[in-house]
Amino acid sequence: MRFASYPGYMSDEAVLEVTETALSTVLEVRASEDDPAATALKIGITGSNMTEYQYALELVPIAEAEEGDAVYTQGTHGELTMIIPADSITNMRGAKLDIATGATPGGLVIRNPNTPDPLDGMDLDLTGELPDKVRQVLDQAINPALGSHGGYATLVGIEDDTKVVVTMGGGCQGCAASAMTLRDGIRTMLMNALPEITEVIDATDHTAGENPFYAEAPS
């Protein structure tokens with residue numbers, strides 16, 4: 001690995017590393033650019049889906065690097081220049097760009113040890129008893145995020161005063177990832193917002209309905 005000299009570059013470490021297999025793929029794509037040697041791979045965080053960050057990957061001229069960005073090279077001979085935008089550095093530190101395996105082999109994937117804080121930047125106004133507060137977290141923080149996928153979450157009830165029972169509907173009911181979303185996203189958000197909660201129970205029938213993506217949201 002070689003470190004380039006650019007304004008604002010953090011020279012102590014690479015923010016995101018590129019595996020050899022991913023490097024070969026990127027260099028192959030970059031070869032079609034007008035000036036490959038002057039072209040960098042820019043990777044930045046664009047948002048999150050409650051449990052994972054979402055990213056934008058693009059090939060851009062190295063000269064587009066801005067003050068504060070991390071700019072460095074990857075590869076034995078520094079073949080690929082990387083640009084990590086300044087506002088993505090902290091949450092991408094320690095990540096790797098790799099080749100995907102499993103269901104969609106061959107594509108690029110970012111393996112990031114960092115996960116988003118679903119409540120970051122939110123100013124929740126929670127009042128009343130626990131059921132009221134749970135509904136407020138669902139309405140103010142969780143359902144707006146699920147709504148982009150056509151889904152929603154509702155409170156079924158409270159057990160033993162501290163156990164929250166939640167069900168998912170709409171696009172989430174038949175989604176293969178909905179159980180993971182509930183476990184890793186909704187549970188985390190509810191328990192972070194309301195420390196008195198000791199457990200979040202998924203009451204969703206994930207096999208119900210022939211076309212759960214078109215279920216009606218509650219009024």
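We did not get these values from a lab; they are worked out from the coordinates using the rules stated. Keep in mind that what you see is a predicted model, and the values were worked out from it rather than measured. Using ideal geometry, Cβ is built from the backbone for each residue, glycine included, and neighbour counts are taken over all protein chains shown.
Points worth noting:
- When you count the other C-beta atoms within 10 angstrom of each residue and take the mean per peptide, 155-163, 68-76 line up highest first as 68-76, 155-163.
- Around the amide H of Tyr55, modelled in the peptide plane, lie the amide H atoms of Thr46, all under 5 Å away and 5 or more residues distant in sequence or on another chain.
- For region 16-111, share of DSSP beta bridges that run antiparallel, in % to the nearest 5: 75
- Listed from fewest to most Cβ neighbours within 10 Å, the set Thr39, Thr90 follows the order Thr90, Thr39.
- Amide H within-cut-off set for Ile201, under 5 Å, with H built and near neighbours excluded: Val164, Val165, Val166
- Amide H contacts of Thr39 (H built 1.01 Å from N, under 5 Å, at least 5 apart or other chain): Ile62
- For region 16-111, dividing the convex hull volume of the Cα atoms by the residue count gives 103 Å³ per residue.
- Estimated inter-spin distance, Glu28 and Ala100, nm [label 7 Å along Cα→Cβ]: 1.6
- Each label was represented as a point 7 Å from its Cα along the Cα-to-Cβ direction; for Asp160 and Thr19 these points are 4.1 nm apart.
- 3J(HN,Hα) along region 54-69, derived from phi through the Karplus expression 6.51 cos²θ - 1.76 cosθ + 1.60 where θ = phi - 60°, amounts to 10, 10, 10, 10, 8, 8, 9, x, 4, 4, 7, 4, 10, 4, x, 5 Hz, with x in place of Gly and Pro.
- The Leu124 and Glu64 beta-carbon pair, evaluated with R₀ = 30 Å, returns a calculated FRET efficiency of approximately 0.20.
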